[in-house]
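Structure in structure tokens, see below.
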Amino acid sequence: MAPPDSRFVHDSAEMPRIGCDLADAASIVESIQVFGERYLARVYTDAERHQSHEAPERLAARFAGKEAVLKVLRSTAGISFRDVEIIDGADGVPQVRLHRQARTVAHAQQLGPIGLSLSHERGMALATAISLPTHQQS
């Protein structure tokens, strides 16, 4: 057991925030078949849809990325899936853009930029997100 003053006893403001998620491309296909445009417009931004070419594995990777980012934020209150945008940077590396409530939550928690890694293979998609606190003065 760790001593009471150990930095491992509780979550520390200096600790990195890490989130991960796994998504099944078949579930994305099913959602599109059942809900169609309503599902796509509720979950993905125009840029995400364009960059992914609406390929199920790529959409699943972006969905897993959104979930991983929400875990970093430790909140879903008032945050829509479109508030967390996963886009390809100029170098092809996925980038996180926070909008509306997601941005407000990140600023309130003094989180720095969120790094993201995406992978997909054989119908499954994996995402890992990480952010460090910035400790900026308000």
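Taking the Cα centre of the range 17-133 as the origin, how large is its charge dipole in debye, to the nearest 20, when only Lys and Arg (+1) and Asp and Glu (-1) carry charge on their Cβ atoms? Walk me through the intermediate numbers first.
Details: 14 positive and 14 negative charges, 98 e Å.
Taking the Cα centre of the range 17-133 as origin, the dipole is about 460 debye.
OK, next. Could you tell me which of C20, A102, A60 has its Cα farthest along the dipole of the chain towards the positive end, charges placed at Cβ (Lys, Arg +1; Asp, Glu -1), taken about the Cα centre?
Positive-most Cα among the choices belongs to A102.
How big is the gap, in Å, between the Cα center of the range 15-57 and the Cα center of the range 78-132?
One Cα centre to the other: 13 Å.
Next question. Do any GluC sites (Glu not before Pro) in the range 30-99 lie in a loop, going by DSSP, with at most 14 other beta-carbon atoms within 10 Å of their beta carbon, and if so which? Spell out each step's value before the answer.
Working: sites: E30, E37, E48, E54, E57, E67, E85; in loops: E54.
For GluC sites (Glu not before Pro) across the range 30-99 that sit outside H, G, I, E and B with at most 14 neighbouring Cβ atoms in 10 Å, the list reads E54.
Report the net charge of residues surrounding G19, where surrounding means a beta-carbon distance below 13 angstrom and charges are Lys +1, Arg +1, Asp -1, Glu -1. It would help to have the intermediate numbers written out before the result.
Details: positive: R17, K66, K71, R74; negative: D21, E67.
After counting each charged neighbour, the total is +2.
Related question: Looking only at trypsin sites (Lys or Arg not before Pro) in DSSP loops with at most 15 other Cβ atoms within 10 Å, what is the longest site-free stretch of the chain?
In short, 8-73.
Right, something else. Among the complete DSSP H segments of the chain, which ones combine at least 18 Å of alpha-carbon extent along their axis with a mean Kyte-Doolittle hydropathy of 1.6 or more?
none
The numbers here are math on the coordinates, done by the rules we state, and not lab data. Note that the coordinates shown come from a computational prediction; the quantities given were computed from them, not determined experimentally. No Cβ is skipped: glycine too gets one built from the backbone with ideal geometry, and neighbour counts run over all protein chains shown.
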